[in-house]
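Enquirer: Please find one structure pasted underneath; my questions will follow.
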Amino acid sequence: MKTLRTQVAIIGAGPSGMLLGQLLAKQGIANVVLERVSATHVLKRIRAGILETGMATLMREAGVSERMDAEGLVHDGFAIAHNGHATRIDLKELTHGRTVLCYGQVEISRDLFEARAAAALPTYFEATDVALHEVTGNSPHVTFLHNGEAHTLHCDYIAGCDGFHGVSRQTIPLRLRTEHERVYPFGWLGILSDTPPVSHELIYCRSQRGFALASMRSHSRSRYYIDVALTDKVEQWSDDAFWTELKKRLPAEAAASLITGASIEKSIAPLRSFICEPMQYGRLFLVGDAAHIVPPTGAKGLNLAASDVSTLYRILTRVYHDKDYACTALYSAIALRRVWHGERFSWWMTKLLHNLDENSMHDHSGDSGRRFTESELTYLLGSVAGRTLIAEQYVGLPYEEIG
Ligand code: APR
Ligand code: PHB
């Protein structure tokens, strides 16, 4: 049995855990990261890559932004297409100069892994049987197995950054947590291909045939999605079938100029809204996907994780620099206020851009639910106020100060 000691134990080496670890280390706060799988495995996960300013700023504060700033694509706007007609949401103009940065999550993870390795910060990959103990007492600790050897990691605080399926959230007794969950009756079938993107900005499409999204990773790598039935299997979708369906959903002009090619990755992801309240229990803080999941419409997953990281990092900095132990009690309420806004925006964008059963739930006859949504979208896209509403939330609401 090996006994270890640190200030902050971080469970999970996803973007939340790795970014938090880097930021804390910059402030001289010792931390150890425990990750269930290997680094190679973490780097295989493909997820959205639209960064709000808050996330990009944290990467800079953590000192890991060199490649992001050199290779990330600044997006001043994006388009929403409705029945073949595209309307541009001019983020920069509608939000007094704010933009988003297009930089893949795999790249973010790679940058964070390299920085952590270069600084020789302690990280245990393939750590199994991770269990949290005495999180409401004064001597919390985490036990785990590494290379077959039992370890106990003593710490002051635990950051549960272990995603939706992790152990941290389960440590909070059921009677003390409320889980709000909504599942959607479709999934997103995504393709990654080494083809130039159809447009230099993202295009979100609502069409009679369903949703589509044209996104990218770089000038030469594209990411496209269509929504499919949850019962569909990825094997049922040949590349040809995907491209044919995508073209039918994109505006005609984009469909005509779309360059197709072999997929280098293809998968179906279910859509879910999930929020766990509270986000803390004693000396345990939940961060990112461990506490909340959004449907990908609006690309808020990583950005909500970033605001949690920012809040926790500022609180812990205060604890260690100013001995302000009481401020830890503020974490959950501050994090959740922003999480709920992001969750609502993601649900609302999903509802606007997909044919969602809940819109038609009360129809006795006809299709008023769908028609209301189409009318709402037409109205929003045709109005400066409507486009501003979308733009302000897409670039991200401001982070709250620690009171
Ligand atoms: N012990 C240790 N590590 C674990 C355990 C466990 N019991 N369970 C899960 N993990 C690890 C996972 O293997 C994963 O690497 O925790 C990590 C959680 O990472 P993510 O799921 O990526 O969650 P998070 O870092 O909060 O990501 C936030 O990035 O990955 C996206 O969709 C995500 O957009 C969201 C954002
Ligand atoms: C992506 O590029 O994978 C992506 C972009 C925007 C989204 C969702 C996914 O809203």
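Enquirer: Show which lysines lie in cross-link reach of Lys247 when reach means a straight Cα distance below 18 angstrom and same-chain residues fewer than eight apart are skipped.
Expert: Within the straight-line cut-off, Lys247 pairs with Lys266.
Enquirer: Report the one residue of Gly84, Leu284, Leu73 whose Cα lies farthest in the direction of the positive end of the charge dipole of the chain (charges on C-beta: Lys and Arg +1, Asp and Glu -1; origin at the Cα centre).
Expert: Leu284
Enquirer: If you take the beta carbon distance between Ser375 and Arg337 as r and set R0 to 41 Å, what does 1/(1 + (r/R0)^6) give as a FRET efficiency, to the nearest 0.05?
Expert: Numbers: r = 31 Å, r/R0 = 0.76.
The pair Ser375/Arg337 has a calculated efficiency of 0.85.
Enquirer: Another question, then. Please list, or write none, the aspartates and glutamates whose alpha carbon is within less than 19 Å of the alpha carbon of Lys2, excluding same-chain residues fewer than 8 places away.
Expert: Within reach: Glu35, Glu126, Asp129, Glu134, Glu149, Asp156.
Enquirer: Now, a different point. Using only the alpha carbon atoms of the chain, find the Kirkwood hydrodynamic radius as the inverse mean reciprocal pair distance, in angstroms to one decimal.
Expert: On the way: mean 1/r = 0.0453 Å⁻¹.
For the chain, inverting the mean 1/r across all distinct Cα pairs yields 22.1 Å.
Enquirer: Right, something else. Can you work out ³J(HN,Hα) from phi for every residue in segment 373-384, in order, using Karplus 6.51 cos²θ - 1.76 cosθ + 1.60 and θ = phi - 60°, giving whole Hz and x for Gly and Pro?
Expert: 5, 4, 5, 4, 5, 4, 4, 4, 5, x, 10, 4
Enquirer: Sequence neighbours fewer than 8 away in the same chain don't count; with that in mind, list the lysines whose C-alpha is under 25 Å from Lys323.
Expert: Within the straight-line limit of under 25 Å, Lys323 reaches these lysines: Lys26.
Enquirer: To the nearest 20 debye, what is the magnitude of the charge dipole of the chain about its Cα centre, counting +1 on the Cβ of each Lys and Arg and -1 on the Cβ of each Asp and Glu?
Expert: Values: 41 positive and 45 negative charges, 37 e Å.
About 180 debye.
Enquirer: To continue, here is another question. Would you mind computing, in nm to one decimal, how far apart the modelled labels at Thr128 and Leu389 are, each placed 7 Å from Cα along Cα→Cβ?
Expert: 5.2
Enquirer: Would you work out which of Gly166, Leu213, Leu336 lies farthest towards the positive end of the dipole of the chain? Charges go on Cβ: Lys and Arg +1, Asp and Glu -1.
Expert: Farthest towards the positive pole: Leu336.
Enquirer: Quick one: length gained pulling Asp239 to Thr143 fully straight, 0.36 nm per residue minus the C-alpha distance? Provide the component values of the computation, followed by the final result.
Expert: Details: separation 96, 0.36 × 96 = 34.56 nm, distance 4.52 nm.
In short, 30.0 nm is gained.
Enquirer: PRE reach from Asp232 (point 7 Å along Cα→Cβ): which of segment 175-217 fall under 15 Å by backbone N?
Expert: Answer for this model: 185-192, 205-214.
Enquirer: If I take every Cα pair under 8 Å that is 6 or more residues apart in the chain, average their sequence separation and divide by the length, what percent do I get for the relative contact order?
Expert: Working: 817 pairs, mean separation 79.7, N = 403.
Computed over the chain, the figure is 20 percent.
Enquirer: Any idea of the accessible area per residue across segment 97-246, 1.4 Å probe, to the nearest Å²? Present the calculation step by step, with values, prior to reporting the outcome.
Expert: On the way: 6500 Å² over 150 residues.
Ligands and nucleic acids excluded, the figure is 43 Å² per residue.
Enquirer: Further question on the same structure: Using the per-residue mean of other Cβ atoms lying within 10 Å as a proxy for protection, in what order, highest first, do the peptides 159-167, 393-401 fall? Intermediate results must be reported in sequence, preceding the final value.
Expert: On the way: 159-167: 22.9, 393-401: 17.7.
With the highest mean Cβ count within 10 Å placed first, the list reads 159-167, 393-401.
Enquirer: May I pose another question? Among the DSSP beta bridges whose two residues both lie in the chain, what percent are antiparallel, rounded to the nearest 5?
Expert: On the way: 55 of 76 bridges.
So the antiparallel bridges in the chain amount to around 70 percent.
Enquirer: Divide, for segment 146-304, the radius of gyration over alpha carbons by 2.2 N^0.38 Å, where N is the residue count.
Expert: Numbers: Rg = 19.8 Å, N = 159, 2.2 N^0.38 = 15.1 Å.
Against the compact-globule rule of thumb, the ratio is 1.31.
Enquirer: So, with +1 on the Cβ of K and R and -1 on the Cβ of D and E, and no other charges, what is the size of the charge dipole of segment 57-166 about its Cα centre, to the nearest 20 debye? Each step should come with its number before you reach the end.
Expert: Working: 7 positive and 16 negative charges, 76 e Å.
Here segment 57-166 has a charge dipole of around 360 debye.
Enquirer: Quick one: which of 58-67, 127-136 comes out on top by average Cβ neighbours within 10 Å, and what's the full order, highest first?
Expert: Details: 58-67: 18.3, 127-136: 16.1.
Ranked by mean Cβ neighbours within 10 Å, highest first: 58-67, 127-136.
Enquirer: I want to verify a result. In a Gaussian network model of the chain, Cα cutoff 10 Å, which of these has the top mean-square fluctuation: Ser257, Ser193, Ser215?
Expert: Fluctuation is largest for Ser257.
Enquirer: How many angstrom separate the Cα center of segment 295-368 from the Cα center of segment 169-243?
Expert: Here the two parts' Cα centres lie 19 Å apart.
The values are calculated or read from the model by the stated rules, or taken from the named source; none is laboratory data. From a predicted model like this one, the values you see are computed outputs, not experimental measurements. Here Cβ is always computed from backbone atoms with ideal geometry, including for glycine, and neighbour counts include all displayed protein chains. Remember, those area values only see protein heavy atoms, side chains included, never the ligands or the DNA or RNA. Shrake-Rupley method; radii C 1.70, N 1.55, O 1.52, S 1.80 Å.
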